[in-house]
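K.L.:
Handing you a structure now.
Each value in this text was obtained by applying a stated rule to the coordinates, not by laboratory testing. What you see is a predicted model; the values in this text were computed from it and never measured. Note that each Cβ is placed from the backbone with ideal geometry, even for glycine, and that neighbours are counted across all protein chains shown.
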Amino acid sequence: MSARQTVVDSIERAGIVAVIRIKDPGKLRAVVDAIGAGGIRALEVTMTVPGAVELIRELAPTLPAGFVLGAGTVLDAETASRVIDAGAQFVVSPVFRRAVIDACHASDVAAMPGCFTPTEILDAWDAGADVVKVFPATSLGPAFFKDVRGPLPQVKMMPTGGVTLDNAGTWIRAGAVAVGIGTALLDAAAVAAGDFGALRANAERVVANIKSARN
């Protein structure tokens, strides 16, 4: 099995990708430890975090077994190559760029481009996307996944935007292979206050929600 398929399988088993978009990079490790203690195993550090590439480079070799680390908000092939070199095991984008997929697959790294319409979703899948990130999913809702999965059952889709601690399982039941969750999980006030116990509790809540949906 290829490395990228192994990572995709890990993300599907986890059912949750934590989208880490924080203002203070000095708190990244504490955030990761807190949500990891709550059961989160797939982490996406976005390029909007100051010094994101170097943070990924520092974090990658220190994560326990069973964790997968990716990079988010990757907009071009050059950035994809940089984060892969830093240790990213999957690359997520808010848009569909074929060159980003190609750069990922050249290094056997999973590519997760962002798409919105059924045409975009299928085009990205046909271009080799390992998982299609449906973004922004806020304005679509879980029913969209159920409708698209009807004619396109082969496509692995993951919503980002509009996913909460309590509705994550609804997306899974509608056909998502995993959910991307940021703001609802990583409460900005809790991060700013250093209330990492609250982040752990959030993680436990969403993990339980996904588990319940799959039972």
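K.L.:
Go through Ile22, Ile84, Val131 and say which Cα lies farthest out towards the positive end of the charge dipole of segment 18-139; charges sit on Cβ, +1 for Lys and Arg, -1 for Asp and Glu.
P.N.:
Checking the options against the dipole of segment 18-139, the answer is Ile22.
K.L.:
Measuring from the lowest to the highest alpha carbon on each principal axis, how far does segment 151-214 reach, largest first, in angstroms?
P.N.:
46, 21, 13
K.L.:
May I pose another question? Summing +1 for each Lys or Arg and -1 for each Asp or Glu, what net charge is found among the other residues whose Cβ lies under 15 Å from the Cβ of Asp130?
P.N.:
Values: positive: Arg4, Arg13, Arg97, Arg98, Lys133, Lys156; negative: Asp9, Glu12, Glu44, Asp102, Asp108, Asp123, Asp126.
Local net charge: -1.
K.L.:
OK, next. Work from the charge dipole of the chain (Cβ charges, +1 for Lys and Arg, -1 for Asp and Glu, about the Cα centre) and give the residue of Phe96, Cys115, Ala208 farthest towards its positive end.
P.N.:
Checked the options; the winner is Ala208.
K.L.:
Could you give the spread of the C-alpha atoms of segment 64-143 along their three principal axes, from largest to smallest, in whole angstroms?
P.N.:
Extents along the principal axes: 36, 28, 17 Å.
K.L.:
Mind pulling the per residue volume of the convex hull built on the Cα atoms of segment 31-96? Å³ is fine.
P.N.:
Working: hull volume 5.6 nm³, N = 66.
Looking at segment 31-96, the number lands at 84 Å³ per residue.
K.L.:
Based on Cα coordinates alone, diagonalise the gyration tensor for segment 1-45, multiply each eigenvalue by 5, take square roots, and list the semi-axes in whole Å, largest first. Intermediate values should be presented prior to the final figure.
P.N.:
Working: eigenvalues 105, 26, 13 Å².
Equivalent ellipsoid of segment 1-45: 23, 11, 8 Å, largest first.
K.L.:
Can you give me the Cα centroid spacing of segment 103-179 and segment 64-97 in angstrom?
P.N.:
17
K.L.:
With the Cα gyration tensor of segment 1-124 giving a ≥ b ≥ c as the square roots of its eigenvalues, does the rule (a/c under 1.5 for rounded; else a/b larger than b/c for prolate; else oblate) give rounded, prolate or oblate? Each step should come with its number before you reach the end.
P.N.:
Values: a/c = 1.57, a/b = 1.38, b/c = 1.14.
The shape class here is prolate.
K.L.:
Next question, about the same structure. Kirkwood Rh, Cα Rg: Rg to Rh for segment 98-176? Spell out each step's value before the answer.
P.N.:
Working: Rg = 12.5 Å, Rh = 12.7 Å.
Taking Rh as the inverse mean 1/r over Cα pairs, Rg/Rh reads 0.98.
K.L.:
Rounded to the nearest 20 debye, what is the charge dipole size of the chain about its Cα centre when +1 sits on each Lys and Arg Cβ and -1 on each Asp and Glu Cβ? Working shown, then result.
P.N.:
Numbers: 20 positive and 21 negative charges, 103 e Å.
Dipole size: approximately 500 debye.
K.L.:
Sticking with this structure for a sec: Taking Cα pairs under 8 Å and at least six residues apart, what relative contact order does the chain come out at, in percent? Kindly include the intermediate steps, with their values, before the conclusion.
P.N.:
Working: 429 pairs, mean separation 45.8, N = 215.
Relative contact order comes out at 21 percent.
K.L.:
Roughly how many debye, to the nearest 20, is the charge dipole of segment 59-129 about its Cα centre, given +1 on each Lys and Arg Cβ, -1 on each Asp and Glu Cβ, and no other charges? Can you show the working numbers first?
P.N.:
Working: 3 positive and 8 negative charges, 35 e Å.
The dipole of segment 59-129 has a size of about 160 debye.
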